[in-house]
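Q: Here it is, the structure, as structure tokens.
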Amino acid sequence: MLSPSVPCNALFPLAVLIPLEDVKAEWERTSGPYHMLRIAEHYGLYRDLFDEAMFVPRVLLRVEYDSDEEYVVPVYYGNLVTPTEAFNPPRVTYEAEEGSLWTLLFTNLDGHLCDPNGEYVQWLVTNIPGNKIESGKEICHYFPPFPARGTGYHRYVFLLFKQTQPIDFTDDTRPTPCHSLKMRTFRTFDFYKKHQSDMTPAGLAFFQCQWDDSVTHVFHQLLNMKEPAFDFVRPPVYHPPQKKFPHLQPLRYLDRYRDSDEPTYGIY
């Protein structure tokens, strides 16, 4: 029996409640940006966006696609999002000071059908007052992801730039609607180089995406073009020239050169 003079909490300490939301917020503010930098570097984002130049994403960029009335599909740092889930524009939020100006860019690094170094701009909103995306100037309307069949996973990147002053983006404006791949051809490096004196990259989020059935609809109905498909063409099996007297070869040597298409060599 326990002595009445010994308090119970001396033997059984009370549980310590840790505010996980506060811990998460502290991590996002301190260590999180450097963690994001390492992930972006691992996926080659800085190499393909800024020609190896890097920045620490200090501004936390939250991107969420509405899946239905109850569920959302978040964008983190390389998670998988299907083209169907990303068909409509997402909700984008971030913390911004009163009176600040921002530019939001959404681009596909891997989808250009002709230029391996080219991109397709999916969405571009400029001169955003604070964090009110809807009040910014949309110079290229949102276009759903369309990774071509057989091309694997594509990297779709959201970039947030902080502006030092209002910027004239007349030369970067696309018509509405813009359903031309030629007009959506883009390079983040060239875009930033043109305006680097007036804006700085501050936030980053990206997801990976591969073909699904909705991409066929995008090519046929929006782009009004035949859908490209890329298939792997397997080369024929190589066999060296047949020897008339195959010295020290196994008994199944002649199976390589059978007239039949039956694959017998190498299965027994």
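Q: Rank these residues by their accessible area, most exposed first, probe 1.4 Å: M225, M183.
A: M183, M225
Q: If you don't mind, there's one more thing I want to ask. Let me check against my output: what whole-number percent is the relative contact order of the chain, with C-alpha pairs under 8 Å and at least 6 apart?
A: Computed over the chain, the figure is 19 percent.
Q: In addition: Tell me the relative contact order for the stretch 1-151 as a rounded percent, counting alpha carbon contacts under 8 Å between residues six or more apart.
A: Rounded, it is 15 percent for the stretch 1-151.
Q: Using DSSP, restrict attention to beta bridges with both residues in the chain and report what percent are antiparallel, rounded to the nearest 5.
A: Here the share of antiparallel DSSP bridges comes out near 90 percent.
Q: Looking at (1) 100, 67, 30; (2) 91, 81, 39; (3) 68, 52, 38, which value of Cα extents along the principal axes in Å comes from a calculation on the structure shown?
A: Answer label, from the structure shown: (2).
Q: Among the listed pairs K24/K193; K24/K162; K137/K226; K137/K194, give every one whose C-alpha distance is greater than 26 Å.
A: K24/K193; K137/K226
Q: Determine how large the accessible area of L222 is when every protein chain is in place; take a 1.4 Å probe and give Å² rounded to the nearest 10.
A: L222 exposes around 40 Å² with every protein chain in place.
Q: Rounded to the nearest whole Å³, what is the per residue volume of the convex hull around the Cα atoms of the stretch 110-268?
A: Convex hull of Cα atoms, per residue: 211 Å³.
Q: For S197, S100, S31, what's the largest-to-smallest order of accessible area, 1.4 Å probe?
A: Ranking S197, S100, S31 by accessible area, largest first, yields S197, S31, S100.
Q: I need to check one value: relative contact order of the stretch 56-145, counting alpha carbon pairs closer than 8 Å and at least 6 residues apart, in percent.
A: That works out to 25 percent.
Q: Could you calculate, for the stretch 55-172, the ratio of the Cα radius of gyration to the Kirkwood radius, expressed as Rg to Rh?
A: Using only Cα positions, Rg/Rh for the stretch 55-172 is 0.97.
Q: Another question about this same structure. From largest to smallest, what semi-axes in whole angstrom does the stretch 124-214 give when each is the square root of 5 times an eigenvalue of its alpha carbon gyration tensor?
A: With the √(5λ) rule applied to the stretch 124-214, the semi-axes are 25, 15, 13 Å.
Q: With +1 assigned to the C-beta of every Lys and Arg and -1 to the C-beta of every Asp and Glu, and no other charges, what is the dipole magnitude of the chain about the Cα centre in debye, to the nearest 20?
A: Charge dipole of the chain: 1120 debye, to the nearest 20.
Q: Name the residue from N224, A40, L113 whose Cα lies farthest towards the positive end of the charge dipole of the chain, charges +1 on Cβ of Lys and Arg and -1 on Cβ of Asp and Glu.
A: Value computed over the given set: L113.
Q: Just to confirm a number: summing +1 for Lys and Arg and -1 for Asp and Glu over residues other than G44 whose beta-carbon lies under 12 angstrom from that of G44, what do you get?
A: That sum, taken over residues with Cβ under 12 Å, equals -3.
Q: If ligands, DNA and RNA are left out, what is the accessible area of C178 with a 1.4 Å probe, given in Å² to the nearest 10?
A: Estimated to the nearest 10 Å², C178 gives 0 Å².
Q: Using DSSP to define loop residues, name the trypsin sites (Lys or Arg not before Pro) in the stretch 143-230 whose beta-carbon has at most 10 other beta-carbon atoms within 10 Å.
A: K226
Q: Quick one: give the max-minus-min coordinate of the C-alpha atoms of the stretch 22-104 along each principal axis, largest first, in Å.
A: 38, 31, 29
The values are calculated or read from the model by the stated rules, or taken from the named source; none is laboratory data. Fair warning: this is a prediction, and the values are worked out from it, not measured in the lab. Cβ sites come from the backbone with ideal geometry, for glycine too, and all protein chains shown count toward neighbours. Surface accessibility is based on the protein's heavy atoms, side chains included, excluding ligands, DNA and RNA. Shrake-Rupley method; radii C 1.70, N 1.55, O 1.52, S 1.80 Å.
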